[in-house]
């Protein structure tokens, strides 16, 4: 598994990062990502060229609970929340938007999930779409489905991901 | 990903909500137990059915008051459960429709063409 990103590195200048669209994503990488790393709350991976941060994403473990199982489903499915990996943030610097870096970071994220899924149970991949445009992309193009409690929290079966990677092998 | 620290006032509210839910649960459970007991009694008592007994007005009033309490308790439970669902959302628990979850786990869809292309990117 060759990743294009590197582990969060606090020595990299993050204050200049600007994704232009969502200021919260700039604030996160500049001010909060380090704390989340230190507290093991989430992991951030950076895409860096010539020492400049051009993109990042953050992931964490999450749970997916199911609502109102019927009798048949109770026999067939776990009655407890199931493990997932959450892509909580993904941002590209404005200087590199529109050249496919976002897709490469998504691919990098999926490879990490695939790697994790070999060592620990991951039933689902969960993403938080920042806006409706992103949500539509995840659903219409990548096959994610919307969660019940939040239309912008989207879910993909890890099994689908594994099928995809096996097809590449 | 920072989990918000619950302020003291929020904790107090949470405690009050929890107490209200506990009270409401007790009322509903008491009524449910009583209803079950009386239906079991009516099943075993043969001809001694409830309809055959002339209910005294005070009994009717007492039952009506009890039912009002149950309705109020159910309303409290409904509101609290909605609040809890919001909290679950707020703290990041994802809820998925059971039918969809079952399908995703047991008969996962093939990757879309776009996903397959994405996975091949380096």
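Would you compute, from DSSP H runs of 4+ residues alone, the mean residue ellipticity of chain A at 222 nm, taking -39500 (n - 2.57) per run and dividing by the full residue count, rounded to the nearest 500?
-8500 deg cm²/dmol
Going by alpha carbons, how many degrees (0 to 90, nearest 10) lie between the helix axis of A:101-119 and the longest principal axis of chain A?
So the helix axis and the longest Cα principal axis differ by about 50 degrees.
Give, in nm to one decimal, the length gained when the segment between residue A:95 and residue A:77 is fully stretched (0.36 nm per residue of separation minus the Cα-Cα distance).
Full extension from residue A:95 to residue A:77 adds 1.8 nm.
Mind checking the mean number of beta-carbon atoms from other chains within 10 Å of the Cβ atoms in A:62-68?
The shielding value for this peptide is 6.
Which residue, A:49, A:71, A:37, has the most motion in a Gaussian network model of chain A that connects Cα atoms within less than 10 Å?
Among A:49, A:71, A:37, the largest GNM mean-square fluctuation belongs to A:71.
Could you give the angle, 0 to 90 degrees to the nearest 10, between helix A:158-168's Cα long axis and the longest principal axis of the Cα atoms of chain A?
With rounding to tens, the tilt is 70 degrees.
Starting from the Cα of residue A:49, step 7 Å toward the Cβ, then list every residue of the stretch A:98-130 with an amide N under 15 Å from that point.
So the set is A:98-105.
Under a GNM of chain A (C-alpha, springs under 10 Å), which listed residue has the highest mean-square fluctuation: A:104, A:96, A:76?
Among A:104, A:96, A:76, the largest GNM mean-square fluctuation belongs to A:76.
By the gyration tensor of its Cα atoms, with a ≥ b ≥ c the square roots of the eigenvalues, what is the shape of chain A: rounded for a/c under 1.5, prolate for a/b over b/c, or oblate?
Because a/c hits 1.5 or more and a/b exceeds b/c, chain A counts as prolate.
How high is the relative contact order of the stretch A:1-144, in percent, with contacts defined as C-alpha pairs under 8 Å that are six or more residues apart?
23 percent
Provide the percentage of antiparallel DSSP beta bridges, counting only those with both residues in chain A; round to the nearest 5.
Numbers: 26 of 30 bridges.
Among the beta bridges of chain A, antiparallel pairing accounts for roughly 85 percent.
Ranked highest first by average number of other Cβ atoms within 10 Å, how do B:111-119, B:57-65 line up? Present the calculation step by step, with values, prior to reporting the outcome.
Working: B:111-119: 17.6, B:57-65: 10.0.
Going by the mean number of other Cβ atoms within 10 Å, highest first, we get B:111-119, B:57-65.
Coordinate-derived values only; no laboratory data. Quantities reported herein were computed from a predicted structural model and do not represent experimental measurements. Quick reminder, even Gly has a Cβ in these numbers, built from the backbone with ideal geometry, and neighbours come from all protein chains shown.
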